[in-house]
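Data block below; observations after.
Laboratory data are not the source of any read-out in this text; all were calculated from the coordinates shown. Small disclaimer: the values here were computed from a predicted structure and weren't measured. We place every Cβ from the backbone using ideal geometry, glycine too, and count neighbours over all the protein chains shown.
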Amino acid sequence: MSENQHSKPRYTLKKTIVMVGMMGAGKTAVGRGLAQRLDVPFLDSDAEIEAAADRTVPEIFERDGEAFFRAKETQVIARLLDEARGVLSTGGGAFLAEVNRANITARGVSVWLNADLDLLWQRVRHKDTRPLLRTPDPRATLAEIYAARVPLYSLADVAVTSLPDLSIEEMVDRVIAVLLADRPDVLERSDA
């Protein structure tokens, strides 16, 4: 058989896929893998904000405050949704704003990477790059944030459960399978 007969499936992306969920859920890692598999651009709203401000997210929080950061985040997400279709990873707080949820649902599809609290803690506990966890008890803070945000994340267009034993590639497979099954307006096989 020729090489082409063994090639990976090809897909047509019709709307931007927006990865949402808690810090540590895998939005960036799974988003990058998904973009690579679909052969589309990968965008990260936090990275875009940092580039525009010439500061890191923690520096923006410290200097300008969370309200300023959230306003910039909304502007950046709207701009990225208007650009070429691709996979967009957002910060953990982005999907909390009603305007962002409405923009994402109207112009793309939100995919919630639903990871439980223990998995999230395993992934973020050794990182000091999370401004919201710079507290005396970061585990308790994470639990509070989780409890407050899960009801809003559950409003996402699609949910994919993250499990600790799944690789990034396996999570990408899960996201693609859910989108193919539930959202043909977003993704379809183009080699079928």
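Based on the alpha-carbon gyration tensor of the range 127-179 and its eigenvalue square roots a ≥ b ≥ c, which shape applies: rounded if a/c is under 1.5, prolate if not and a/b is larger than b/c, or oblate?
Taking the square roots of the gyration eigenvalues as a ≥ b ≥ c, the range 127-179 is oblate.
With r defined as the distance between the Cβ atoms of LYS8 and ALA47 and R0 fixed at 25 Å, what FRET efficiency is calculated, to the nearest 0.05?
On the way: r = 27 Å, r/R0 = 1.08.
After rounding, the FRET efficiency stands at 0.40.
Using label points projected 7 Å from each Cα along Cα→Cβ, tell me how many nm separate LEU117 and ARG63, to one decimal.
About 3.5 nm, to one decimal.
Please give the per residue volume of the convex hull enclosing the alpha carbon atoms of the range 85-187, rounded to a whole number of Å³.
114
Placing +1 at every Lys and Arg Cβ and -1 at every Asp and Glu Cβ, with all other atoms neutral, what dipole size does the range 15-180 have around its Cα centre, in debye to the nearest 20?
160
Just subtract the alpha-carbon distance of GLU83 and ASP137 from 0.36 nm times their residue separation and send over the number in nm, one decimal.
This chain segment gains 15.4 nm when fully extended.
Find out how many positive minus negative residues lie around THR16, taking Lys and Arg as positive, Asp and Glu as negative, among other residues whose Cβ is under 10 Å from that of THR16.
With Lys, Arg at +1 and Asp, Glu at -1, the neighbours total +2.
Please list, ordered by chain and number, the residues whose modelled amide H lies under 5 Å from the amide H of GLY86; skip anything fewer than 5 residues away on the same chain.
Correct list: THR16, ILE17.
Starting at the first residue of the range 134-142, write each ³J(HN,Hα) from the Karplus equation 6.51 cos²θ - 1.76 cosθ + 1.60 with θ = phi - 60°, in whole Hz, x for Gly and Pro.
The phi angles translate into 7, 10, x, 10, x, 5, 5, 4, 4 Hz.
Do any GluC sites (Glu not before Pro) in the range 44-89 lie in a loop, going by DSSP, with at most 16 other beta-carbon atoms within 10 Å of their beta carbon, and if so which?
Here the GluC sites (Glu not before Pro) that fit, given the DSSP loop and packing criteria, are GLU83.
Using only the Cα atoms, work out Rg/Rh for the chain, with Rh taken as the Kirkwood radius, to two decimals. Display every interim value, and only then the final one.
On the way: Rg = 16.9 Å, Rh = 17.2 Å.
Radius of gyration over Kirkwood radius for the chain works out to 0.98.
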